[in-house]
Amino acid sequence: MARRIATGIDIGTHHTKIVVVEEVVGPEGTAVHIIGTGLSQTAGMRHGYVVDAEDVAASVRAAKHQAEQTAHVPLKKGFLAVGGISLDEVRASGTTIISRADQEITELDIEKTREAAREAAAPNFLNRRILHEIPLEFRVDGAKSLGEPYGLKGTRLEADYLFVTCLSSHEALMTGAVEAADIEVIDRMASPLAGSYVTLTKDQKMKGCVLANIGAETVSIVVYDEGVPLSVKVFPVGSTNITDDLALGFKVSLEDAERLKMGRLGGSMYPRKRVEEVITARFRHMFELIDKHLKVLGRKSALPAGIIISGGGSGQGSIADIAKGTLALPSRIADLKVTNDSKIRDATWAVAYGLALWGLTGDTDAPKKQRFSSMGGSFASFLKQFLP
């Protein structure tokens with residue numbers, strides 16, 4: 001029997017990470033094991049956008065080599081995370097009249113609402129690629145449908161959709177860099193969604209929460225409520241801005257500013273209290289951006305599961321307390337749900353791991369024999385990833 005293996009590729013501004021997972025059938029059933037990882041310094045990226053494709057390809061090759069060495073298998077195909085400031089979102093609604101004579105809603109009716117919503121949002125898709133088409137809410141004859149509307153009866157079906165997009169040129173450059181490293185890109189997923197697969201629980205998604213990934217040059221978020229991702233957003237600010245603030249505030253080199261940020265440089269010239277004030281001010285600015293976005297969504301201070309913080313910047317100081325004070329929400333650092341013998345230890349690997357898991361199973365809760373793509377395959381099956 002052929003081995004079932006999937007690879008997730010996360011090209012960040014500072015690091016490129018690759019995670020390889022395998023579906024293993026044992027006495028206690030089917031499980032997913034991490035069999036390989038690869039990590040390299042990223043070159044050729046700025047704010048999550050490709051500025052030198054050859055440098056990015058070299059970074060992918062280096063991470064690929066490590067992953068192949070630990071997994072003991074050649075990596076020929078993979079699933080790619082798309083992030084950075086290129087990501088954006090559009091909301092639109094679609095309406096259709098139920099097609100069957102007995103007025104029972106079918107997959108065809110769902111497809112018609114999606115096409116109508118896509119047509120309504122079409123002016124926003126110029127030079128952009130649609131990564132995901134996520135149904136936010138269905139209404140049958142004006143009444144909200146709790147869950148999937150299949151099998152319900154009515155005369156009119158309405159649906160609200162979230163379209164997650166990226167610049168076509170950005171996606172092409174990312175894909176080209178990976179394929180230049182001799183890895184075929186099977187499918188793509190927005191980075192915030194990929195990370196949410198392995199850092200958030202079903203209960204958190206149902207109650208309502210925001211997952212914030214503090215990257216080097218971007219902060220990306222995904223907002224969930226009632227189990228559905230309501231919003232995917234990226235802000236052009238990150239942990240390197242803290243380094244810049246410290247360099248300017250203390251008139252030191254960027255290298256010394258980075259050491260200050262990490263607590264590796266001290267003394268009377270660099271009082272820790274003042275360092276913490278600079279760090280806190282920058283983090284507060286990041287969370288104020290998130291707070292304003294939540295206000296636009298109508299979810300300000302209305303997410304019981306609070307904010308979950310991940311990414312390389314999540315280990316800085318009292319970030320959870322700063323988030324709690326700024327957003328008036330419960331706050332915690334993300335935990336990556338992996339086994340104790342895993343080759344990865346923290347949530348900075350969440351995007352690559354989530355991608356690999358999605359690629360292998362099409363779902364994060366139970367392995368399945370068929371992968372469901374957001375851009376192909378069974379549309380109804382894709383909906384099931386988001387509907388409660």
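What to note about this one:
- Unique residue being part of a helix (DSSP H, G or I), crowded, with 17+ Cβ neighbours inside 10 Å and in contact (Cβ under 8 Å) with a residue 24 or more places away in the chain when the list is 230, 246: 246
- Restricting attention to the range 344-353 and to residues that are over 15 Å from residue 212 (Cβ atoms) and either modelled with pLDDT of 90 or more or not β-branched (Val, Ile, Thr) (or both), the residue that is surrounded by the fewest Cβ atoms within 10 Å (Cβ to Cβ) turns out to be 345.
- Scanning the range 223-255 for residues being of a type in the set (D, E, K, R) and closer than 19 Å to residue 14 by Cα gives a total of 3.
- The one condition from (1) modelled with pLDDT of 90 or more; (2) in the same structural domain as residue 231 (by TED's automatic domain parsing); (3) not aliphatic (A, V, I, L, M) that residue 311 does not meet is (1).
- Qualifying residue in the range 315-325 (condition: at pLDDT below 90, outside any loop (DSSP other than H, G, I, E, B) and not assigned by TED's automatic domain parsing to the domain that holds residue 32): yes
- Filter result for residue 383 (touching a strand residue (DSSP E or B) at 6+ places or on another chain (Cβ under 8 Å), modelled with pLDDT under 80 and not small (Gly, Ala, Ser)): yes
- With respect to (1) among the hydrophobic types (A, V, I, L, M, F, W, C); (2) more than 28 Å from residue 208 (Cα to Cα); (3) under 24 Å from the mean Cα position of the chain (by Cα), the lone exception for residue 92 is condition (2).
- Residue within the range 251-264 that is charged (D, E, K, R), touching a residue at least 40 places away in the same chain (Cβ under 8 Å), within 25 Å of residue 50 (Cβ to Cβ) and surrounded by 15 or more Cβ atoms within 10 Å (Cβ to Cβ) present: no
- Residues that are free of Cβ contacts under 8 Å to residues at least 60 places away in the same chain, surrounded by 18 or more Cβ atoms within 10 Å (Cβ to Cβ) and not assigned by TED's automatic domain parsing to the domain that holds residue 223 number at least 1 in the following helices (runs of 4 or more DSSP H) confined to the range 98-204: 107-121.
- The number of residues in the range 251-300 being aliphatic (A, V, I, L, M) and not in a helix (DSSP H, G or I) comes to 4.
- Restricting 268, 239, 253, 301 to residues that are under 26 Å from residue 189 (Cα atoms) and polar (S, T, N, Q) narrows the list to 239.
- Qualifying residue in the range 281-294 (condition: surrounded by 13 or more Cβ atoms within 10 Å (Cβ to Cβ) and more than 23 Å from residue 191 (Cβ to Cβ)): yes
- Verdict on residue 101 being modelled with pLDDT of 95 or more and either of a type in the set (Gly, Ala, Ser) or within 30 Å of residue 191 (Cβ to Cβ) (or both): no
- Condition check for residue 24: hydrophobic (A, V, I, L, M, F, W, C) and under 27 Å from residue 222 (Cβ atoms): no
- Of all residues making up the range 297-320, the number that are small (Gly, Ala, Ser) and under 13 Å from residue 262 (Cα atoms): 6
- Leading residue by the ranking (nearest to residue 138 (Cα to Cα)) among those in the range 224-267 that are of a type outside the set (A, V, I, L, M, F, W, C) and either touching a strand residue (DSSP E or B) at 6+ places or on another chain (Cβ under 7 Å) or not assigned by TED's automatic domain parsing to the domain that holds residue 294 (or both): 229
The values are calculated or read from the model by the stated rules, or taken from the named source; none is laboratory data. All of these numbers come straight from a predicted model, not from anything done at the bench. Please note: Cβ atoms are built from the backbone with ideal geometry, for glycine as well, and neighbour counts cover all protein chains shown.
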